[in-house]
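Engineer: Sharing a structure, written as structure tokens. Questions coming.
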């Protein structure tokens, strides 16, 4: 580029010199006359004319060469101007390209920054996912532990139900309820034979009957155990009262004691415990009567259903009717409320039958209302399975 500028400068100087080199027009030269007087025939004149003609031709050629150089210079100038314009355009394009590159670089930087933010959010989301999975595993292990506790409680209930078979009076009453359940099972079998469409539902009802019968046997054993342990508990209370009376009698005379108040308190506690035991017995009798009433009501509803619709199937534990034609289940549960009472016990009394949840199976302190709730939960579970 510097060589082209130098050549252009040189040509400009030459053009300026040629343009400035201009002589004023000279008049036609006067005819030369030789000193010899011979005119055009003189050799010196002829020689001069030839030299002058040669000089004129040289000047003409120089003028033509100068004109050609001038035209060539003008072409070079035009070409240089075009190249200069192209260079300027290229410079502008380069500047614009640099500006665009800068803008793209800024955009790229912002995108990289945004990508970093997205990666950070992704890492945080991964951490939260890991924590959620860990929480899920912890909850799953807790559920397994709860299921294991439930299995342990069921095994304890089954073991206690196998050990209870002592009360003759309760045996007779609960046997009557079991006989009524057997009658309901026979009626259900007859209904199943008459209606093959509801065979699957009848099988489920049969299983529910068996579960209800097992619940009744378990309740009978539980009541027997409670009845058997009440006498032991009463004997413990009497022994404690005797011990306290002996301690009062053997106390030194110089100690300020109030025998009459102590005896009164002991008798009041014995009377209260006796009242609680009577109340528990009455509640258990009411529970048996209500169980028999439920069984009788279920049998009556089954007979009414067979009379009203031959395709209806009766579920024994919850008085629920299933109609195959409509696909609806109409529940009519019987709910009972029991007054919960607990016999007073000493704070230091320990019982071996305590499950991991703190519930004491087979102890005289079991609430009758608790027994009712257990029976209801089993009945509802069997209804849900069906």
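Engineer: Criterion first (free of Cβ contacts under 8 Å to residues at least 40 places away in the same chain and part of a helix (DSSP H, G or I)) does residue 60 satisfy it?
Structural biologist: The answer is yes for residue 60.
This table checks each residue for (1) at pLDDT 90 or above; (2) more than 36 Å from the chain's Cα centre (by Cα); (3) within 24 Å of residue 220 (Cα to Cα).
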{"residue": "103", "(1), (2), (3)": "yes, yes, no"}
{"residue": "107", "(1), (2), (3)": "yes, yes, no"}
{"residue": "124", "(1), (2), (3)": "yes, no, no"}
{"residue": "127", "(1), (2), (3)": "yes, no, no"}
{"residue": "133", "(1), (2), (3)": "yes, no, no"}
{"residue": "166", "(1), (2), (3)": "no, yes, yes"}
{"residue": "180", "(1), (2), (3)": "no, yes, yes"}
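The values are calculated or read from the model by the stated rules, or taken from the named source; none is laboratory data. Please read all numbers here as calculations on a predicted model, not as lab measurements. Heads up, the Cβs are rebuilt from the backbone with ideal geometry, glycines too, and the neighbour counts pull from every protein chain shown.
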